[in-house]
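Visitor: Structure below; questions to follow.
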Amino acid sequence: MDSVPTWTIRSPTQTPCKFKIRSMRSTVRISFFYGEKTHSFFTMIGVFFFFLSQISLALAAPQTIFCLIHTATPSHETRAKTILETWAQHCDDFLFFTDSKMNDSIPHIYYPLLNSRDHSWEKIRRVFKYVHDKIGKKYDWYYRADDDTYALMHNMRTLLANYTSSKQHYLGLRWAFFTPRGFNDGSSYILSRPTMEAFNEVMLDPDRCPDHHRAEEDQEVRFFCHEAIFDQLIIQLAKCLAHMDVYPEDIRDEYGSERIQHFHPIEQYGIYKDTFNRRLAYYPAMKEDENFSSRMISFHHVSPYEMRMMDYIFYHLNKP
């Protein structure tokens with residue numbers, strides 16, 4: 001059983017008031033431990049309302065996650081099929097977005113005219129507008145991922161339990177260039193519902209969030225990075241959200257290890273030696289296996305075979 005959280009509050013007399021809350025299915029047990037001194041009426045009223053807020057958290061319904069998976073026609077029967085049969089099943093719901101029609105049994109939308117990376121920004125704008133207009137307020141979080149990503153949804157839920165979904169959050173692997181506070185990697189990132197709504201709001205203002213990005217901006221990104229590993233859309237997304245005072249946040253674990261990876265796991269193992277990463281990562285890479293959090297959320301650049309192997313290890317292999 002998980003350890004029971006304990007809080008200590010001190011009154012104006014500095015007398016400690018400790019209490020514990022334990023949620024056991026539909027029952028909440030509260031234990032109080034008071035000091036010997038008398039507490040003021042207002043102090044106890046404050047403690048009472050704090051109790052109520054913690055009871056609300058203990059009984060709160062699990063947060064829901066809607067997964068948005070970016071794929072393309074050549075990957076429908078390989079990557080997309082594998083994701084459909086593995087980690088997508090752990091989302092509360094999911095939607096593929098692509099450039100051609102998929103099997104009718106698969107939830108998807110497609111944009112035939114937006115069929116290259118040059119249209120990525122226009123495509124993601126349409127996708128989040130669709131989510132806003134058609135999906136609405138049904139889900140707490142919106143997770144967007146590439147089709148060569150393997151996601152561990154149970155670890156994502158553990159992370160999101162530390163955040164309030166009714167507030168603006170923009171979570172992912174953070175890079176440190178092109179925008180003052182950085183931007184989140186495009187392989188996978190998470191938006192809270194208010195952030196998704198804020199993005200749709202700022203999209204209405206072309207001065208703050210342009211409909212189309214300039215072609216020379218892609219050239220700037222590729223020249224700066226030496227490789228075309230970043231689409232302009234992820235930088236533009238961060239710029240648009242910054243106009244709504246929404247910025248990337250630090251989601252590393254308590255040891256400084258990343259929970260989301262951009263490169264293949266083998267490359268990621270030695271990424272601390274990489275000049276590009278040392279120069280442009282927002283946080284310094286940890287060394288070798290320390291770079292992988294024990295609460296990993298996603299791996300990137302993995303093949304369908306590797307996805308199925310991971311799925312077997314994480315969810316089906318019997319462990320002692």
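Read-outs throughout are calculated quantities, based only on the coordinates presented, and are distinct from any laboratory measurement. Since this is a predicted model, take the numbers as computed values, not measurements. A quick note on method: Cβ atoms are made from the backbone with ideal geometry, for glycine too, and the neighbour counts reach across all protein chains shown.
Visitor: Compute the normalised compactness of region 100-163: alpha-carbon radius of gyration over 2.2 N^0.38 Å, N being the residue count.
Guide: In units of the globular-protein estimate, region 100-163 measures up at 1.33.
Visitor: Net charge around Met307, counting only other residues with Cβ within less than 11 Å of its Cβ (Lys, Arg = +1; Asp, Glu = -1)? Please list the in-between numbers first.
Guide: Numbers: positive: Arg79, Lys81, Arg308; negative: Glu85, Asp147, Asp148, Glu306, Asp311.
Computed value for this residue: -2.
Visitor: In a shell of Cβ-Cβ distance under 15 Å around Thr82, excluding Thr82 itself, what net charge do Lys and Arg (+1) and Asp and Glu (-1) give?
Guide: -4
Visitor: Distance cut-off 28 Å, Cα to Cα: go down the list Lys81/Lys129; Lys167/Lys273; Lys123/Lys273; Lys81/Lys134 and report the pairs above it.
Guide: Lys167/Lys273; Lys123/Lys273
Visitor: Further, regarding this structure: Please give the net charge around Arg174, taking every other residue with its beta carbon less than 13 angstrom from that of Arg174, where Lys and Arg add +1 and Asp and Glu add -1.
Guide: Counting the neighbours of Arg174, the net charge comes to -1.
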